[in-house]
Amino acid sequence: MTKQTTFSNEEFWKWISGLIKDNVTYFDDMIDVERYVTGREFRNKSENKCFIFEKLKESVPSNYFHEMEYCALAYSVVFSKVFPPLAQHIEELAYIEWLNYVEPEDSDYRDHFVHMLKVTFVCDELFHKFWNDAMVKWQFDCAHFKQWCKEEKIYFHEDKKQTIMSAAVFLAAIFHDFGYGYKFLRTYEERLFKLNLVGCDSMDITKIRSKVINKSLLARFIIEHHEWYQRTKQDLDKESDERLKKMRRENIPCGFIHDCLPLNHSVASSLMVLDIAEDLYQSQIINTELYIAFQIAAEACLLHDLTKRKKYLHLGHVSEDHRHFFDHNCQLKTPIATLLIFADELSMWSRPLVEFTPKDTDKLECCINYEWKYKNFPKTTFPDELKIDFNDTPRALNILLKKEEQKNNLQHILEECNCFNGANGKTLKIFDSELKICIPA
């Protein structure tokens, strides 16, 4: 049996339209709406915010601006249901996106404002069409997830597993690149600090945040794969002073987060998800099932961009035979992170790069470029669509592209992700299926 799906702008905007009209049904029965309304006071929008899009319209190329505008509406619909305070700041999110574009030190920055919703669309399609039941089983059979539930006394109904996973997939995808805003802010804080204008990091590991980190699911993953913990685990287990043992163990995830925040936007994304989850759960606005979904999503956000060695510190593999901590053995431990990494690479159809080229002596012209430059490979364009064929026997997922250069680019990108290299290192695999990139005859 073969299942199929297509990723293109046409299908994406249909999905966005449905998202806006249906008002996001994933979180029904998991949020106490009355407690939200009565327990929170939301600030009114300032008049200045209302003009942000009007100002952006003067600078952003029109096609991309209209995409941002429609996606802003989708974000507003989602966040007004999940976390209303965030829904008030969609304009600032768009504004930070544009600031990233015009940042001189990152001239190759590509869209993430629309991209996050594209990734959500891809995750949503792949999860519900291809791996729904299997991913539910893998996630809830995972050892470190079970251990987290036991230690934190997290209980849930068996019949809620599907609901939890659907929500977790959606949350992981829609929040996974929020950390770019933090990365931009940190860059300027460092510059202002040198001028003695700012004295601290806006997302430092405070005492309260360290508690949130240590009670999280992602903390268990970090500890399990931390090089220092792997080397000293036996000695630590023999430690007779329980207080000292607990303190040393708790320092591991907080130290990792502190050291990796400057290196990777995914760390900041995961902290944001944890902060939201803790705020809502402690306020009794969300139930346990949605809290679990947030925790799984935070773990996926953290791991999605740790596929290259220069983007993280301290993590290693228990076996020296493996060159990267997040290899094919981790796929079933963290299925949503694996899905997110895969969807992140697939969500590149018609992805714009905004370029500024000199028009005359004192002006720059702003234009959209869809050119795909990857390392020293021949230049090509991003595909305008990706077709996916999923075969049950033998298990294989085929990605259909139109150009040889596109195929070569995607092949090397997936190989560099490490986690898709099969046990023999010669074939690409995702979960229990072989990954193939093809050009139809």
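Once you wrap a convex hull around the alpha carbon atoms of segment 263-305, what is its projected area averaged over all directions, in nm²?
2.6
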Taking segment 353-438 on its own, what percent of its Cα-Cα pair distances exceed 17 Å?
60
Could you pull out every one of the lysines with an alpha carbon less than 20 Å from that of Lys215, ignoring same-chain neighbours closer than 8 positions?
Lys146, Lys150, Lys153, Lys207, Lys233, Lys245, Lys246, Lys333
Spatial separation of Cα centroids for segment 238-300 and segment 53-130, in angstrom:
26
Over segment 226-305, volume per residue of the alpha carbon convex hull, in Å³
116
Defining a contact as two alpha carbons under 8 Å apart and six or more residues distant in sequence, what relative contact order in percent does segment 2-346 show?
22
Dividing the Cα convex hull volume of the chain by residue count, how many Å³ per residue is that?
179
For segment 2-346, with only Lys/Arg (+1) and Asp/Glu (-1) charged at the beta-carbon, what is the dipole magnitude about the Cα centre, in debye rounded to 20?
780
If you keep only loop residues by DSSP, which chymotrypsin sites (Phe, Trp or Tyr not before Pro) in segment 62-157 have at most 10 other Cβ atoms within 10 Å of their Cβ?
Tyr155
Top positive-direction residue, dipole computed over the chain with Cβ charges, set Tyr64, Ile223, Ala337
Ile223
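We did not get these values from a lab; they are worked out from the coordinates using the rules stated. Source: prediction; values computed, not measured. Note that we place each Cβ from the backbone using ideal geometry, even for glycine, and neighbour counts take in every protein chain shown.
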